[in-house]
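First comes the structure, then the notes that go with it.
Taken together, the values in this text are just the output of simple stated rules run on the coordinates, not laboratory data. As the structure is a prediction and not an experimental result, all values here were calculated from the model. With ideal geometry, Cβ positions are generated from the backbone for all residues, glycine too; neighbour counts draw on all protein chains shown.
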Amino acid sequence: MFDIKNGIAVVAFDNPPVNSLGHALRDSIVRKLEAAQAHPEVRAVVLTGNERAFSAGADVSEFGAARQMQAPLLRDVIAAVDSCSKPVVAAIQGFALGGGLELALACHGRVARDTAQVGLPEITLGLIPGSGGTQRLPRLIEPAAALSLMLTGLPRTAASLAESGLFDAVVTGDVVDAAVRQARRLADAGTPYPRARDVLPNATSIDSAIRTERDRLNPRKKLQPAYGALLNAFSALHLPFDEGLRRERELFLALVPTTAARALRYQFKAERDAQRLPGAQRAQPRQVGSVAVVGAGTMGTGIAICAIDADLDVVLLEQDKEALVRGRERIANHYRERVAAGKVNQIAAAASENRLVATLDWTELAQAMWSLKRSSRTSLSRRLFLP
């Protein structure tokens, strides 16, 4: 069911780890909204997630699967929130991204923790928001700011948007308690409850934002259909709200099968799948304490410096005596310059240089064959081996 706090039903999402809006969660939200409206003791509803996420949006595991298009769809859930007979307030902590933010935009109120992050990153997948994001967000905040958020796909903290009009309150304490208080205020005030759809957008600001961002599109973005589609969806703000939603949806669905969108979705999923190797393929990395670098030229000494700065002992090998001396001096100069610039102190610079062995002797490479405990690396010191 749900928890009731002084007449306010608190519906907590439970789809770990980031409350992705898969079919099971979508269905659960709709059912609990129906139950809350039928419950005589419930005056309002608070939707919340967990410390990590309100909702990170679409469930990646459903991409291309039948469940992705199984009712209720996200837009059905949003419609249920938008038309709820009792006020609904989103309590946002952690991430509210993509469909998660679109769900929050449909609520009658929004309260966020100052560290929460919100965004509409669909453009990074070759798509645009498809469940009302392009039509609701510019009605709640300045159109230029809304369009920028969608075109970059980058999240913003709630603290940075505290004065934008997106939130009724941005808090540092218990966000659910603050949302319960806001829900009670809305219930006390009675209907009509505030809805983004009822806000009249500023036509002049919309046109100005579109012109500005269209002029900023570089050749790469012009070749990706999502950018033009987003500007077209933004233009639909001039239409009645429901017509704007239909136009947004048409543009979204037209993008889904495009080569660009399919490739970006594949990349997104592949990157995450690569982080979840089967247990049989996981291995504990061996500890590395020393490395060998062959060649003391510009590239070789640069690699050696990077390894030294990573707290590794380095054997630097050259076959030419003068080249080795030059390389060793290049590394010494690097640390002298860092000391002079105040980046490191003299003691730290000396310790770094002491992790280097510069040699013409190939047998010295054996010291880099195994990771040695720091206490046993007594043979590695600030030396220049020359025959």
Most mobile listed residue (Ile123, Ile141, Ile303) in the chain, GNM with C-alpha springs under 10 Å: Ile303
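Give the total of Lys-Lys pairs in the chain with Cα-Cα distances below 28 Å; include a pair only if its members are 8 or more places apart or on different chains.
Pairs that pass both the separation and distance tests number 6.
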Listed residues Met150, Met69, Met299, most fluctuating in the chain (Gaussian network, C-alpha, under 10 Å): Met299
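Taking the highest mean first, how do the peptides 268-279, 336-347, 355-366, 129-140 order by number of other beta carbon atoms within 10 angstrom per residue?
On the way: 268-279: 9.4, 336-347: 11.4, 355-366: 17.8, 129-140: 25.5.
Averaged packing, sorted descending, gives the order 129-140, 355-366, 336-347, 268-279.
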Stokes-Einstein D for the chain, Kirkwood Rh over Cα pairs, 20 °C, 1.002 mPa s (µm²/s): 87 µm²/s
Angle between the chain longest axis and helix 143-152 axis [Cα atoms, degrees, rounded to 10]: 40 degrees
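Suppose only helical runs count, i.e. DSSP H with n ≥ 4. What mean residue ellipticity at 222 nm does that imply for the chain under -39500 (n - 2.57) per run, divided by all residues and rounded to the nearest 500 deg cm²/dmol? Please report the intermediate quantities before stating the final value.
On the way: 14 runs with 166 residues, N = 387.
Dividing the helical sum by the residues of the chain leaves -13500 deg cm²/dmol.
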